[in-house]
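First the structure, in the form of structure tokens, and then the observations on it.
The values are calculated or read from the model by the stated rules, or taken from the named source; none is laboratory data. No experiment lies behind these values; they were computed from the predicted model shown. Cβ coordinates were reconstructed from backbone atoms using ideal geometry, including for glycine residues, and neighbour counts include every protein chain displayed. To get the accessible areas, we keep the full protein, side chains included, count just its heavy atoms, and leave off ligands, DNA and RNA. Shrake-Rupley method; radii C 1.70, N 1.55, O 1.52, S 1.80 Å.
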Amino acid sequence: MPRLLALSYFAPSVLPRLLRAAGGAGLPANARVYVGSYGVGGELADAIENAGYRYAPMFHLKPSWYWERRRLPQDTANRSLAGPLPDLPELLRLSTAPRVRWGVELGARFRDAIRAAEDAGATVQAWQLDEIQAEAAGGQGRQYREFTRGVLSGLLSGRTRLGDRPRQGLVWWAHTAFTLPRRPVTPELSAFWRILNRSCLGLLGEEYPEFVGDPRAAARAEASGQRALQQGGPVRQALARKYVAAMTPGYHLAAGLGGNTRGLPPAEVDRWRESYVAARDAAAVAGFAEFDFRFGNNRLRVMQAVLHALARHL
């Protein structure tokens, strides 16, 4: 299967520069290149399609505009779910069935936004969900996983009564939740793995290494989530075959994003990144992802270096 590349999180004004870098990188013609940031925009969709790539807008699980209410004209179905989602503490206190139902509704609201953009003429090929959170592996992990499970189901199916058809997307996976695949399988975890596998065409592991030390050793350490999936049962192994190694360009030093924390010169950053990507390529990942083309990461020279390195290993 052709390798996958995801380029995610940027300001609209940066998109032309990102597309220019991608267009000059020599990406393989058969690579599946998905580009998108938070929210849905027709102009973004048009620019990405015109560049020959696939538009995949991003949505996150945190309370947002989508939590406020359902936005469908003259909609009378399931009115009990049309208003605000419960706040997070209340959502976590609910029993499983209503918590999952609210997740399905939120995922369907994300699909509502995609449908509205498509009705206005945009082409949307997939979606991105940010993310399987650290909390999914924490003390209230079951509650977070149940809610996430519902969101994934809503994103996959949309609203069939409005003509939506199943559509897979890209699911980001927080590094701090990489321990999940090693948990003993319970009925709840089995349901979580099944809907994750059904809904995602790429599972984007947030490796986000610091550009420090031996990049090959760093690549082995950051691959823990991929290895855990490979050592699991059939569904987790299927997810391992969809595993995408995610990095950041390295020049926006935000908490949890790794990158060039030691202030290496650009040439050394490029060499480190090249070795890391080569090592992850050798571990049979399904592709690569880059997150956060903002601040120091949105310079043309930086984006060109990143895209050239990835193109050599797709």
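Kindly provide the set of residues from the range 38-59 that are open to solvent by less than 40 Å² (accessible area, probe 1.4 Å) and closer than 18 Å to R109 by Cβ, ordered by number.
Selection gives G39, G41, A56, P57, M58, F59.
Would you call R241 within 23 Å of W172 (Cβ to Cβ), in contact with a strand residue (DSSP E or B) (Cβ under 9 Å, 6 or more places away or on another chain) and basic (K, R)?
Here the answer is no, as R241 does not meet what is asked.
Look through the range 143-186, keep the residues that are basic (K, R) and closer than 23 Å to P234 by Cβ, and return whichever of them is least open to solvent (accessible area, probe 1.4 Å).
R145
For the range 34-120, which helices (runs of 4 or more DSSP H) that fit wholly inside it have 1 or more residues that are small (G, A, S)?
Of the helices (runs of 4 or more DSSP H) lying wholly inside the range 34-120, those with at least 1 residues that are small (G, A, S) span 42-50, 96-119.
Aromatic (F, W, Y) and open to solvent by less than 10 Å² (accessible area, probe 1.4 Å): does that describe W127?
Yes, satisfied.
Among the residues of the range 246-274, how many are of a type in the set (A, V, I, L, M, F, W, C) and either touching a residue at least 60 places away in the same chain (Cβ under 8 Å) or at positive phi (or both)?
2
Out of D75, D46, which single residue is free of Cβ contacts under 8 Å to residues at least 24 places away in the same chain and more than 18 Å from the chain's Cα centre (by Cα)?
Criteria check complete, one pass: D75.
Looking at the range 233-284, which of its residues are aliphatic (A, V, I, L, M), touching a helix residue (DSSP H, G or I) at 6+ places or on another chain (Cβ under 7 Å), open to solvent by less than 10 Å² (accessible area, probe 1.4 Å) and within 16 Å of P215 (Cα to Cα)?
A245, V277, listed by residue number.
Residues that are surrounded by fewer than 16 Cβ atoms within 10 Å (Cβ to Cβ) and basic (K, R): does the range 102-113 have at least one?
no
Just checking, how many residues over the range 26-37 are in contact (Cβ under 8 Å) with a residue 60 or more places away in the chain and under 14 Å from the mean Cα position of the chain (by Cα)?
Number of matching residues: 2.
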